[in-house]
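The values are calculated or read from the model by the stated rules, or taken from the named source; none is laboratory data. Not measured: the values here are computed from a predicted model. All Cβ positions, glycine included, derive from the backbone under ideal geometry; neighbour counts span all protein chains shown. Heavy atoms of the whole protein, side chains included, go into the accessibility calculation; ligands, DNA and RNA do not. Shrake-Rupley method; radii C 1.70, N 1.55, O 1.52, S 1.80 Å.
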Amino acid sequence: DQQVKQNSPSLSVQEGRISILNCDYTNSMFDYFLWYKKYPAEGPTFLISISSIKDKNEDGRFTVFLNKSAKHLSLHIVPSQPGDSAVYFCAATLVGGSEKLVFGKGTKLTVNP
Amino acid sequence: GAGVSQSPSNKVTEKGKDVELRCDPISGHTALYWYRQSLGQGLEFLIYFQGNSAPDKSGLPSDRFSAERTGGSVSTLTIQRTQQEDSAVYLCASKASGGRRQYFGPGTRLTVT
């Protein structure tokens, strides 16, 4: 059973517009959420994270929103740039034990010039 | 080096052969993880090492998979009698004590023919 879901395999936006990537989770014990960006033939690169005690975290052009009641988080990129084109993975973890990351299957973002 | 390194970057092997994949984590990071990404899938947890504690092997898909971490640093993932379904990108990540963010290496792309 997939605990972290990214229901959109792909997303295409115009340069300068907003990109919104969505992620849903089922395990209410998750207490920390992360977004990673992955280019082809490279490892995932950390982008932004949020603790379950917050509902928003912002870092430059990137903002993550967390709605715990809906078990939903989203990543907003404003303004989108062609260099943002990559696969974005949502991941969740819970404190204690291995703190392994549970990943969604990713959303491929294409930002068109 | 500043980041997580992995070798080889690519490995092609014949079905039934054994392979060893190496990971060199960020210096000082106490936690080390192995994940794999099969085609079209998200990253799947395999195994976790933390200091001198017993590893969490709960993600290993079969007893053909094993891993060790020597001296609290370098780790080797071994796959015995490889099968075609083992073809994937194998990613290593490390994490500092008390941190929640995992830093990934570039991965090893394994192809079993």
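Quick look at the values:
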| read-out | value |
| --- | --- |
| Rg(Cα) / (2.2 N^0.38 Å) computed for the stretch B:38-109, rounded to two decimals | 1.14 |
| Gyration tensor (Cα) of the stretch B:71-111, equivalent ellipsoid semi-axes in angstrom | 25, 13, 8 |
| FRET efficiency for B:Ala2 and B:Arg109, using Cβ-Cβ distance with R0 set to 22 Å, rounded to 0.05 | 0.45 |
| Among the listed pairs A:Lys108/B:Lys17; A:Lys54/B:Lys11; A:Lys54/B:Lys95; A:Lys68/B:Lys11; A:Lys56/B:Lys57; A:Lys71/B:Lys17, those beyond 32 Å (Cα-Cα) | A:Lys108/B:Lys17; A:Lys54/B:Lys11; A:Lys68/B:Lys11; A:Lys56/B:Lys57; A:Lys71/B:Lys17 |
| Quarter of the Cα convex hull surface for the stretch B:1-91, i.e. its orientation-mean projected area (nm²) | 6.0 |
| Accessible area of A:Ser49 in the full protein assembly, 1.4 Å probe (Å², nearest 10) | 20 |
| For the protein assembly as shown: accessible area per residue (Å², 1.4 Å) | 48 |
| Kirkwood hydrodynamic radius of the protein assembly as shown, Cα pairs, Å | 18.1 |
| Förster-model FRET efficiency, 22 Å R0, B:Ser9 and B:Ser38, C-beta, rounded to 0.05 | 0.80 |
| Debye intensity ratio I(q)/I(0), log10, the stretch A:4-112, q values 0.13, 0.16, 0.19 Å⁻¹ (C-alpha model) | -0.44, -0.66, -0.93 |
| Antiparallel content of DSSP bridges confined to the protein assembly as shown, in %, to 5 | 90 |
| Relative contact order, percent, the stretch B:13-113 [alpha-carbon distance under 8 Å, six or more residues apart] | 36 |
